[in-house]
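Just below is one structure, and these are the notes that go with it.
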Amino acid sequence: MIIKAVKFRKDGFYSQPFAFGGEEGPQKFDPNIRYRGSLQNYLIDTGSEVILVDTGIPAGMPEEKPDETSAAFTGKDICTYMEALANLGYKPEQVKKILLTHKHADHSGELKSFPNAEIFVNEEELSAAELQGIPNIVPVKFTDGAYYNFPESQKITEGIYFIKAKGHTNGNSIIIVECDGLFYMLHGDITYVDEALYENKLSVVFDDIAAARETMDRVREFVRSHPTVYCGTHTPQGYENLEAKRVIDLDNPVPTVLAEVDFTENKATGIYVCSICGYVYDPAEHDGTAFEELPDDWKCPRCKQGKEKFNKA
């Protein structure tokens, strides 16, 4: 079995309030501390079939232009998700299964590019706007009982398990792959950066803080008991852990390398992008109303986050 990272954005960042403040509140953390950010999803080649874990952002989503006040920046384009898949040597028609960690567009953006794949989705996500009009969805009902300390799971194929991990969204899930004595935890947004896992802090939570805390506790318990390679979506630590087969040791964190950020070259277009779900606010589609003119209590139509979560494009 081979696991590969599908890399499509780099050189992003996540501020400490964003990465650590999901439970205690962002005001308790330092906005001038910015952890390295990126965007990548994962591919599993079992030898008999190709399985994707999430499918990136939609092609054509504008690149953000953050400034000193930005809480998060998903990064600069390397290429599109589909180009990144091709760069690994795979074609869409080879993909037989897609395992979706959750609904947000930076995880579900190219689902429609795989009409022949079964798309496994936690049944609690089925009503999400991002998933409408996609006929090849297989609802996951978690009928296989407990997987170690996680109470609900679904076995996808030998050595690959879909784990209920509610919190970040109500349908949030984890994929665990057993390979050569290691447990590869391919997660969406349990944490945005590994520092949050080490420090036992919740990153941004959308739907259920109490459930997110329970999930975090279970994740930390699991990685203490099993040799786990922790592979996230939003930090280069995800693919660095994968490529080094680095087992998480909560008592001995990998040294932090902070993001190097240059805001001087960013030129605004008037378009804003939600750094959480990827919603694009274009004034031309809103009667010419500039983003700056929206009321302070305006919320993202898709993920209901505030204006401060948007970056210029």
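Search segment 175-228 for residues being part of a loop (DSSP other than H, G, I, E, B) and either in contact with a Ser or Thr (Cβ under 6 Å, 6 or more places away or on another chain) or hydroxyl-bearing (Ser, Thr, Tyr) (or both), and hand back the single one that is nearest to GLY56 (Cα to Cα). Reasoning before the result, please.
Filtering segment 175-228 down to residues part of a loop (DSSP other than H, G, I, E, B) leaves 180-181, 188-193, 200-208, 226-227.
So of that shortlist, the ones also either in contact with a Ser or Thr (Cβ under 6 Å, 6 or more places away or on another chain) or hydroxyl-bearing (Ser, Thr, Tyr) (or both) come out as 188, 191-193, 203, 206-207.
Numbers: GLY188: 11, THR191: 17, TYR192: 15, VAL193: 18, SER203: 20, PHE206: 19, ASP207: 21 Å.
Applying the filter and picking the extreme gives GLY188.
Scanning for something touching a strand residue (DSSP E or B) at 6+ places or on another chain (Cβ under 7 Å), surrounded by fewer than 16 Cβ atoms within 10 Å (Cβ to Cβ), among the charged types (D, E, K, R) and in the same structural domain as ASN170 (by TED's automatic domain parsing), does segment 45-58 turn up at least one residue?
For segment 45-58, residues touching a strand residue (DSSP E or B) at 6+ places or on another chain (Cβ under 7 Å), surrounded by fewer than 16 Cβ atoms within 10 Å (Cβ to Cβ), among the charged types (D, E, K, R) and in the same structural domain as ASN170 (by TED's automatic domain parsing): present.
Among the strands (runs of 3 or more DSSP E) contained in segment 1-113, which hold 3 or more residues that are touching a residue at least 12 places away in the same chain (Cβ under 8 Å) and over 19 Å from GLN237 (Cβ atoms)? Full working, then the answer.
Working: elements: 2-15, 34-45, 50-53, 95-99.
Fully inside segment 1-113 and qualifying: 50-53, 95-99.
Tell me yes or no: at least one residue of segment 292-306 is touching a residue at least 12 places away in the same chain (Cβ under 8 Å) and basic (Lys, Arg). Before you say what the answer is, go through the steps one by one.
Filtering segment 292-306 down to residues touching a residue at least 12 places away in the same chain (Cβ under 8 Å) leaves 294, 300-305.
Then drop every residue that is not basic (Lys, Arg), which leaves 302, 304.
Checked segment 292-306: at least one residue is touching a residue at least 12 places away in the same chain (Cβ under 8 Å) and basic (Lys, Arg).
List every residue pair whose Cβ atoms lie under 8 Å apart, where the two residues are 6 or more positions apart in sequence or sit on different chains, the first residue falls within segment 210-229 and is under 18 Å from GLU199 (Cβ atoms), and the second residue, located anywhere, is among the acidic types (Asp, Glu).
ALA212/GLU23; ARG213/GLU23
Looking at (1) touching a strand residue (DSSP E or B) at 6+ places or on another chain (Cβ under 9 Å); (2) more than 20 Å from TYR14 (Cα to Cα); (3) of a type in the set (S, T, N, Q), can you tell me which one THR191 breaks?
Result: THR191 fails condition (2) only.
From GLY278, GLY270, which residue is in contact with a His (Cβ under 9 Å, 6 or more places away or on another chain) and on the phi > 0 side of the Ramachandran plot? Spell out the reasoning first.
Details: GLY270 fails: in contact with a His (Cβ under 9 Å, 6 or more places away or on another chain).
None of the other options fit; the residue is GLY278.
State all residues of segment 46-70 that are in contact with an Asp or Glu (Cβ under 7 Å, 6 or more places away or on another chain) and basic (Lys, Arg); if no residue qualifies, say none.
Residues satisfying the conditions do not exist here.
Take ALA84 and decide whether it is assigned by TED's automatic domain parsing to the domain that holds THR191 and under 21 Å from GLU240 (Cα atoms). It would help to see each step written out before you state the result.
Details: assigned by TED's automatic domain parsing to the domain that holds THR191: yes; under 21 Å from GLU240 (Cα atoms): yes.
Taking the combined requirement at face value, the residue satisfies it.
Identify all residues within segment 16-59 that are within 19 Å of GLU178 (Cβ to Cβ) and among the aromatic types (Phe, Trp, Tyr); write none if there are none. I'd like the intermediate steps shown before the answer.
Here is the first cut: in segment 16-59, the ones within 19 Å of GLU178 (Cβ to Cβ) are 42-53.
Correct list: TYR42 only.
Looking at segment 86-127 only, could you name the residues that are surrounded by fewer than 21 Cβ atoms within 10 Å (Cβ to Cβ) and of a type in the set (S, T, N, Q)?
ASN87, GLN94, SER113, ASN116, SER127 - these are the residues of segment 86-127 that are surrounded by fewer than 21 Cβ atoms within 10 Å (Cβ to Cβ) and of a type in the set (S, T, N, Q).
So in segment 128-149, with the set limited to residues that are β-branched (Val, Ile, Thr) and under 15 Å from ILE175 (Cβ atoms), which one is surrounded by the fewest Cβ atoms within 10 Å (Cβ to Cβ)?
Restricting attention to segment 128-149, the residues satisfying the condition of being β-branched (Val, Ile, Thr) are 134, 137-138, 140, 143.
This time we only want the ones that are under 15 Å from ILE175 (Cβ atoms), so: 138, 140.
Values: VAL138: 17, VAL140: 24.
Ranking the qualifying residues of segment 128-149, first place goes to VAL138.
If only one of THR169, THR191 is surrounded by 22 or more Cβ atoms within 10 Å (Cβ to Cβ), under 19 Å from SER70 (Cα atoms) and in contact with a helix residue (DSSP H, G or I) (Cβ under 9 Å, 6 or more places away or on another chain), which one is it?
Working: THR169 fails: under 19 Å from SER70 (Cα atoms).
Only one candidate qualifies: THR191.
The values are calculated or read from the model by the stated rules, or taken from the named source; none is laboratory data. Because the structure is predicted, anything quoted here is derived from the model rather than measured. As a convention, Cβ positions derive from the backbone with ideal geometry for all residues, glycine included, and neighbour counts pool all protein chains shown.
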